[in-house]
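A short write-up of the structure that comes next.
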Amino acid sequence: MKIIIGACASSLLFMSAGAQTSVDGRAIADEQRGNNWLSYGRTYAEHFFSPLMGINDRNVNRLGLSWFLDLPGQRTLEATPLAVDGVLYFSGTYGKVFAVDAKSGQKLWEFDAASGIYRPEIFRFSGSLGGHRGVAFWRGKVYVGVIDGRLFAIDAKTGKPVWNVQTFDEPKGRKAISGAPRVFNGNVIIGHNGDPGARGYVTAYDAESGQLRWRFYTVPGDPDRGFENEALAMAAKTWEGQWWKSGGNGSVWDSIVYDSEFNRVYFGTANSISERSSVSTPPKGDNLFVSSIVAVDADSGKYAWHYQENPRGHWDYDSNMPIVLADLHIGGKPRKALLHAPKNGFFYVIDRTTGKVISAEKFARVTWAERIDLKSGRPIEMPDPPETWPSILGAHSWQPMSFNPATRLVYIPTMNIGSTFTRVKSEGIATILAWDPVAQTKRWEVRHEDSLWNGGTMTTAGNLVFQGTGRGQFVAYSATTGDRLWSFDAGLGIIGTPVSYEIDGVQHISVLVGYGGAVGVLGKRFDYGWRYNEQPRRLLTFALDKQLALPVHRAPRYVVRAADDPTFVIDKEKAAKGSELYESAWCSLCHGPKLENNGSFAPDLRESFLAMNWEAFRSVLRDGSLSRAGMPKYDDLSEHQHYAIFMYVRQRAREAAQTPP
């Protein structure tokens, strides 16, 4: 555990009088003034909308860099920062937490719970990607769930931990936390991500003490042990075989939304299978509550309703994508709506009173289903299309969409990519899509011709939409027309979501810059030349009439600088075995399929001088000599297997060295 306290004492007075909307000293995430950004989506409804108008479509061309903060040691940066009375709080790789003076950019403290633990099975599974999407704030505490399942409450002034609790029911299971917790009514709620062998759930804890309040499982357990509630007994009737032995998945790894009007929590769940099964011979049941949106009572966790977007968890389409709550006027009457654009390519408007679907239309190319039957709520699936659109990456992933109450439009970061049964197609295009949720139609769309993996959107009352791209451009668009009004070269890809807040009457916009996440395994079309440790990770903050320039940064690089000893003899048989082990041991999650490293998260082993030396290579895999740097050891493999992987690395480096640039 590492704590650094900054010297700017005045900035620690974040509870200054009049600056924070509060009730009995408690931060309220539905603050109307826009001074702060108190929750993941700013308000409980998670519109990712700022009511501030100081920066608007008429003066955004004057926007400039006010300050930046380098974040050495960070890799993937996915988080949406919180802004609380002049202090920014955000998470970095593996869930490390930072507090920064929002006016000066001075770091106040950092808290690194992950530095005190090392669990190879966790780091190999999901933490290896490093992504972490944020923290929560409540009554002077910052809350974060870290990679190994612990939930921490941290004193917001000092950065010191107040309490922590292990949230995993099976701490050694293949699970990890990468999502942001939410806090409401004195409860802090967190989920987790897991493979199909994990059983999904969300858990609520007392925000002051860490005591467990309630837990809701998304998949029924072993019937012989009884079910935790009537909802799971009902869900068990939709499963067949001995599903509980494999867990069932349905994990809640991203979206959790609190509805203060109904005192409910809504969350999306993951699928149950990693590959699509044949539509012509589907399983008998729907496998509840996978690939669903589930509503539970916020105080007790009692089931209220569910809507399953993909029965059986079919087509590998999760429903974890961000949820937005909005009051809409549909069909001549007001509706309490839940808006959702999940992986499967349909935009859903759901009545959050009852959980019944109001409308659902395609917002991207969709071939797996003809339409959604509004009477039953079920998709009318197509019989085994040769190409599936969207791909398993989804038409919309975890990057937040935003809703502007003035334009009444939703701004969705989309990906139009197809796949066959065995692979994701290389063709595709990404866009920022302005979608009318009432008319269920596109209003405008801007194509990102050369960037598929981009950041979430944030919209403002100044008629603006902001988004960062994987190519490193931070862009402002007109919220009504989609016209590009301003851009900034961040020097590295952006996949996080910006926020806006006000200090001393001045509007600011901040965004984290740190390309990574799943791109390391997504293929060459996601390779934008960002390389391990070559471009610094940063927090950027903008305001009107500021003109600070970033230091000169390294340009994207696509040429492999292979480290190879031409006298070394490659054993092709061992290298072939090493190729199999490299994939089965999940080395490709960090170092890329076939060692083609696209995401800049980990070193390109073809360029590694350490990987030229067998003794050093063995020390890393067997002894974990680089474990504190995030490289898991593989002491469960034999020395012969280590050597086979070593030989495969040498073979791929040789091939790269002999390939013309």
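Quick one: is ARG42 in a loop (DSSP other than H, G, I, E, B) and modelled with pLDDT of 90 or more? In short, yes. Residue count for segment 143-174 under the criterion of being among the hydroxyl-bearing types (Ser, Thr, Tyr) and either within 19 Å of the chain's Cα centre (by Cα) or within 20 Å of THR93 (Cα to Cα) (or both): the result is 2. Taking into account only those residues within segment 140-170 that are closer than 19 Å to ARG213 by Cα and part of a loop (DSSP other than H, G, I, E, B), which is modelled with the highest pLDDT? This residue is THR167. Candidates in segment 51-76 are the residues that are of a type in the set (D, E, K, R) and out of contact with any Pro (no Cβ under 7 Å at 6 or more places or on another chain); of these, the one that is surrounded by the fewest Cβ atoms within 10 Å (Cβ to Cβ) is ARG58. For residues in segment 476-506 being crowded, with 24+ Cβ neighbours inside 10 Å and touching an Asp or Glu at 6+ places or on another chain (Cβ under 7 Å), which is farthest from PHE49 (Cα to Cα)? Filtering first and then ranking leaves ILE495. Here PHE123 meets the list (1) at pLDDT below 95; (2) farther than 18 Å from GLU78 by Cα; (3) of a type in the set (A, V, I, L, M, F, W, C); (4) not in a loop (DSSP other than H, G, I, E, B) almost entirely, failing just condition (2).
Name the residues in segment 487-527 that are in contact with a Lys or Arg (Cβ under 8 Å, 6 or more places away or on another chain) and of a type in the set (Val, Ile, Thr), would you? Of everything in segment 487-527, those that are in contact with a Lys or Arg (Cβ under 8 Å, 6 or more places away or on another chain) and of a type in the set (Val, Ile, Thr) turn out to be VAL499, ILE503, VAL513. All conditions in (1) touching a residue at least 24 places away in the same chain (Cβ under 8 Å); (2) under 18 Å from HIS642 (Cβ atoms); (3) of a type in the set (Gly, Ala, Ser) hold for ALA563, with the sole exception of (2). Residues that are outside any strand (DSSP E or B) and touching a helix residue (DSSP H, G or I) at 6+ places or on another chain (Cβ under 8 Å) were ranked within segment 448-489; the one that is modelled with the highest pLDDT is GLY462.
Residue-by-condition table, conditions (1) within 24 Å of the chain's Cα centre (by Cα); (2) under 23 Å from SER402 (Cα atoms):
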position	(1), (2)
ALA176	yes, no
GLY179	yes, yes
SER209	no, no
GLY221	no, no
SER246	no, no
SER255	yes, yes
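Against the list (1) modelled with pLDDT of 95 or more; (2) under 28 Å from the mean Cα position of the chain (by Cα); (3) β-branched (Val, Ile, Thr), the condition THR238 fails is (2). Across segment 286-342, the number of residues qualifying as small (Gly, Ala, Ser), within 16 Å of PHE262 (Cα to Cα) and over 23 Å from the mean Cα position of the chain (by Cα) comes to 5.
Residue-level analysis places ARG554 among those that are among the basic types (Lys, Arg), within 20 Å of GLN535 (Cα to Cα) and touching a residue at least 12 places away in the same chain (Cβ under 8 Å). Considering segment 526-557, the residues that are within 20 Å of the chain's Cα centre (by Cα) and not in a loop (DSSP other than H, G, I, E, B) include one that is surrounded by the most Cβ atoms within 10 Å (Cβ to Cβ), namely LEU539. The residues of segment 244-259 that are hydrophobic (A, V, I, L, M, F, W, C) and surrounded by fewer than 21 Cβ atoms within 10 Å (Cβ to Cβ) amount to a single one, TRP244.
Being in contact with a Gly (Cβ under 7 Å, 6 or more places away or on another chain), under 24 Å from PRO311 (Cβ atoms), surrounded by 15 or more Cβ atoms within 10 Å (Cβ to Cβ) and of a type in the set (A, V, I, L, M, F, W, C) is the requirement here; does TRP444 meet it?
no
Pull out all pairs, ordered by first then second residue, where Cβ-Cβ is under 8 Å, the residues are six or more apart or on different chains, the first lies in segment 460-475 and is without any contact (Cβ under 8 Å) to a residue 40 or more places away in the chain and crowded, with 21+ Cβ neighbours inside 10 Å, and the second is assigned to a loop (DSSP other than H, G, I, E, B) and not aromatic (Phe, Trp, Tyr). Once the first residue is without any contact (Cβ under 8 Å) to a residue 40 or more places away in the chain and crowded, with 21+ Cβ neighbours inside 10 Å and sits in segment 460-475, its partners that are assigned to a loop (DSSP other than H, G, I, E, B) and not aromatic (Phe, Trp, Tyr) give THR469/SER451; THR469/ASN454; THR469/GLY455; THR469/GLY493; THR469/ILE494.
Listed by position, the strands (runs of 3 or more DSSP E) enclosed by segment 267-385 that each have at least 2 residues that are crowded, with 23+ Cβ neighbours inside 10 Å, modelled with pLDDT of 95 or more and among the β-branched types (Val, Ile, Thr) are 292-297, 323-330. Taking segment 45-113 and the strands (runs of 3 or more DSSP E) fully enclosed by it, the elements with 3 or more residues that are of a type in the set (A, V, I, L, M) are at 63-70, 82-84, 97-101.
The listed residues are ARG531, ARG561, ARG537, ARG554, and the only one of them that is among the charged types (D, E, K, R) and closer than 24 Å to ARG42 by Cβ turns out to be ARG537.
Scanning segment 160-182 for residues that are over 14 Å from LEU82 (Cβ atoms) and crowded, with 23+ Cβ neighbours inside 10 Å gives THR167, LYS175, ALA176, ILE177, SER178, GLY179. Reported count of residues in segment 416-447, each being assigned to a strand (DSSP E or B), modelled with pLDDT of 95 or more and not β-branched (Val, Ile, Thr), is 10. ILE495 fulfils the conditions (1) touching a Ser or Thr at 6+ places or on another chain (Cβ under 7 Å); (2) in a loop (DSSP other than H, G, I, E, B) except for a single criterion, (1). If you filter segment 386-412 down to residues that are hydrophobic (A, V, I, L, M, F, W, C) and part of a loop (DSSP other than H, G, I, E, B), you find that the one that is nearest to GLY268 (Cα to Cα) is TRP398.
The values are calculated or read from the model by the stated rules, or taken from the named source; none is laboratory data. Because the structure is a prediction, the values reported are computed rather than measured. With ideal geometry, Cβ positions are generated from the backbone for all residues, glycine too; neighbour counts draw on all protein chains shown.
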